[in-house]
Every structure is written in C-alpha cells, then in structure tokens.
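Input: a single structure, listed below in structure tokens.
Please treat every number below as a calculation from the coordinates, not as lab data. All values derive from a computational prediction rather than experimental measurement. Counting neighbours? That spans all protein chains shown, and the Cβs are built from the backbone with ideal geometry, glycine included.
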C-alpha cells in the first residue's frame, strides 16, 4: 500500500499491551501477586516440581529475610494489603522477627518493627531475647536493641531462662554470656559452667569462674574429660574443687582421651595412682577405676607418678 493512511491500525488490546502507562493502569485493577513475588516463589520450587519446604505460614517473608532482600519484603507487605492474598499462609508475616534474629539481620529486624503498622499479618512474637542469646551469630547489638532501643520491644532480661543460658554456653556464645552477666540476669546456675566445660569453651569457663559465684558440679570435669578437652580439664583441676576423681579418669580413658588422662593423672592422688599401679588395694573403688584406666589407655600416662 502506497498511502500510509491505508495501513491497518493496531487493535485496542495491542495498543494497551505496548503502552506502559495504559498497561499499568489496567493491571492496577487486577487482584494478583506482583510479578517479582511470583518469580521469587517460583525460585523456591524444586526441579521435580515440589515446593521447597511446603507452603507453611510465613514462608516467603522468611526466605526474603534469609536472602537479605528488603525490596521483596516490601512487595510482600504490599501484597498482604489485599484481603484475598492475605489469606495465603505463605505470604503472612509469621515468625519473621525470630527469623531476622536467627539470620543475624539487625537492619531487617528494625525495618519490620518500623513498618509493623503496614503489616496486617504480622504476628506477635515474644521471648525474642532468648532467641538472640542462643543464636549462632552471638550478636550483642541485637541483644541491646531488643532490650533497650527506644523503638524496640523492650524485652525483660528475666525472660531469658536458665536452659537458654546453658545452650548459649554450649554454643560458645561468650558475648551473650557476658551481656547477660552485665545486665543482671538471674538465670545463671552451676549447669552453665558444666555445659561450657563439656563443650570445651575454656573462655566461658574462665569468665564464669572469675566473675560469678555459682561455680559448677563434677559434671563439668566429667564432661570435659569425656569429650577430650584437656585444657579445660587442667583449668578446672587447678581452680575448682569439684574434681578430678578416679571416675573422671575412667571416663577419659573409656573415650581414648590420652591427653586428658595425662592431665588428670597429675592432679589425682599420688597415693591412689601408686596403689593402683602396684595393685595393693584391689577392692578399693578408686583403685578399680585407676586400673581400668591403665588397662584402657596404657601405663605410659602414669609412669611419671610412680616414685
């Protein structure tokens, strides 16, 4: 056709699809997920077509937190303004603050708190201080924010329980242990040092011994010896009165912990060691433990004690 006016004009549908402004206007009336949210959800589908970890409550916001994706969180928050989308469990902001703590994101924790008025599905979460104390990342900044920040939840130090302090000690969370001590937590007990010793965290054992009065039980020495932490065994033997004894030797020997056996032999009774070597007291319980230790681990560890 020579005359351009005779060329067929595009249909109305084609004009809408190719005009950015018109397309945005039309699609703004559609009740659906934003494209980026759909793509984000699709990225969590396994190759076999199954959905990764199912569609549990809070799935998409929690995965966005794991990926440090604040923009996706904002899109998800906007989507939950729609009553129909709000009913989808995977879009609901459930357990998100706990997730931010566990993945060490103070920034997103603050963001969630600041935008909570715009999150109709945001659930109440309590006992977050205990979550932070037992977090793998051991971030005192999160503890400070939860406890005393003006915009934070102002959680009570008394909400942290003794099992949580023990778990923090077992994980080696020295920052959390020091923070709780400095803020007057009453959740400490001898089990805290027992747990730290059994997991080989000498720095926490030393801190608790020097700064607190709860002490420990014989389980501290037993746990350290059984698990092969000879430096902890030596420190406890030098500074505490809860061991070692011949049962500790037996436990170390049964686990093949030669260095612990050698360390324990130095601090155990020289008389008991000598008697066990000479078999002079076969009915004595301590001698029995010592003989078993010698049999299991070998005489070399005890030779220096024989005079």
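Only Cα pairs under 8 Å and 6+ residues apart enter the sum, and on that basis the relative contact order of region 61-100 stands at 52 percent.
Put simply, when 99-108, 157-166, 227-236 are sorted by average Cβ atoms within 10 angstrom per residue, most first, you get 227-236, 99-108, 157-166. Extension gain, residue 161 to residue 11: 0.36 nm times the residue separation minus the Cα-Cα distance gives 47.1 nm. Extension gain, residue 126 to residue 78, is 14.8 nm, computed as 0.36 nm per intervening residue step minus the present C-alpha separation.
Where does each of 260, 178 land when they are ranked from fewest to most other beta-carbon atoms within 10 angstrom?
Values: 260 30, 178 15.
Listing 260, 178 from fewest to most nearby Cβ atoms yields 178, 260.
Taking the fewest neighbouring Cβ atoms within 10 Å as the starting point, the ordered list for 98, 84 is 84, 98.
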